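Notes follow once the structure below has been shown.
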């Protein structure tokens, strides 16, 4: 199934060019594309016909005043076609690995505000849950969802590599709320986790720590992979040759995290500092260390990559990286507004570097 042609009928082997032109005009009228149509190569893939057939079909559409053919540039839809009363679907899909109400507090708030803004402009949203560990089933569920619904575009929240690749291949308008994997080219909005973890690692090294562990879920999510890359980069400076990064991956449960921490702190080379990715895991790590009789930050420093309102209300306040939800939400709304207006976003990341809240869990290592 091809996502940017949800209602295409593949041309039969008679009058292929005319049938291709009819299929394209119907898709244009339904709002599949907003300003430009895909390349000839992409249209050949969608309709499963040859390039000469597509070129003839495009010439027919140009003759009928539907498109403007522009040599060396993307073929443009003419105003009459773009403003057809049957033009645009108003449904936006939100693809997420967990039910909407199970998103983190910050993500839930940001996406909720986006939904309200879109509703004010006549768009509806529908959430599709695609679990990360069921790649094939999630892909089938996505294809069935798009087959049953005429979706204008999608917001992808923390989806895995397989689904990112699916959207990149099928060229359905979308925005990734999170980071893209290195080989995927899609528009995205996220915290600059690579820079955050490079900064956090560098800050701990500057304090004198030499045994530092990055504690993170074994998620395979692009933002977590970028975090690990940035963390390792902090140790690359010549004056840090005596330090080595330690990576601790867990399955996300409190029990498994505790087992990993016990193994880590029972070793002869136990760390003097932790950089913990997720807020809940940061709190769990703090409590577990206290149960072991370790003082924070006198024995172990803790820095959390992400934020939580509780971090500034406990004593000592937990060091973390702070992004105001309002500014992030504003950026998301602007990008989605551009996407629904133009039907297209450049396939590049929009990254936000948060403020470092130092807190009281960060100090030099014990001597």
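The values are calculated or read from the model by the stated rules, or taken from the named source; none is laboratory data. The structure displayed is predicted, hence computed values, not measured ones. Cβ atoms come from the backbone with ideal geometry, glycine included; neighbour counts cover every protein chain shown.
Below is a table of values for the structure above.
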quantity: Residue that is surrounded by the fewest Cβ atoms within 10 Å (Cβ to Cβ) [pool: residues in the range 227-238 that are part of a helix (DSSP H, G or I) and at pLDDT 95 or above]; calculated: 229
quantity: Residue selected from the range 339-367 under the condition under 20 Å from residue 164 (Cα atoms) and part of a helix (DSSP H, G or I), by the criterion modelled with the highest pLDDT; calculated: 339
quantity: Matching entry among 102, 71 (being assigned by TED's automatic domain parsing to the domain that holds residue 22 and either at pLDDT below 85 or farther than 24 Å from residue 27 by Cα (or both)); calculated: 71
quantity: Residue satisfying condition, being under 21 Å from residue 32 (Cβ atoms) and touching a strand residue (DSSP E or B) at 6+ places or on another chain (Cβ under 8 Å), within set 130, 154; calculated: 154
quantity: Failed condition for residue 320, given (1) surrounded by 16 or more Cβ atoms within 10 Å (Cβ to Cβ); (2) part of a helix (DSSP H, G or I); calculated: (2)
quantity: Unique match (being loosely packed, with under 13 Cβ neighbours inside 10 Å and within 29 Å of residue 252 (Cα to Cα)) among 107, 137; calculated: 137
quantity: Filter pass, residue 334 being without any contact (Cβ under 8 Å) to a residue 60 or more places away in the chain, assigned to a strand (DSSP E or B), outside the structural domain of residue 35 (by TED's automatic domain parsing) and under 28 Å from residue 108 (Cβ atoms); calculated: no
quantity: Spans of strands (runs of 3 or more DSSP E) in the range 240-315 with at least 2 residues more than 24 Å from residue 357 (Cβ to Cβ); calculated: 244-250
quantity: Filter result (in contact with a helix residue (DSSP H, G or I) (Cβ under 7 Å, 6 or more places away or on another chain) and in contact (Cβ under 8 Å) with a residue 40 or more places away in the chain) within the range 258-278; calculated: 261, 270, 271, 273, 274, 275, 276, 277
quantity: Near pairs, Cβ below 7 angstrom, 6+ apart or cross-chain, from the range 100-116 (at negative phi and free of Cβ contacts under 8 Å to residues at least 60 places away in the same chain) to any residue that is part of a helix (DSSP H, G or I) and buried (at least 17 other Cβ atoms within 10 Å of the Cβ); calculated: 103/111
quantity: Unmet criterion (only one of (1) touching a helix residue (DSSP H, G or I) at 6+ places or on another chain (Cβ under 6 Å); (2) over 23 Å from residue 265 (Cβ atoms); (3) in a helix (DSSP H, G or I)) for residue 180; calculated: (3)
quantity: Residues of the range 298-315 satisfying the condition of being under 10 Å from residue 361 (Cα atoms) and either modelled with pLDDT under 90 or loosely packed, with under 15 Cβ neighbours inside 10 Å (or both); calculated: 298, 315
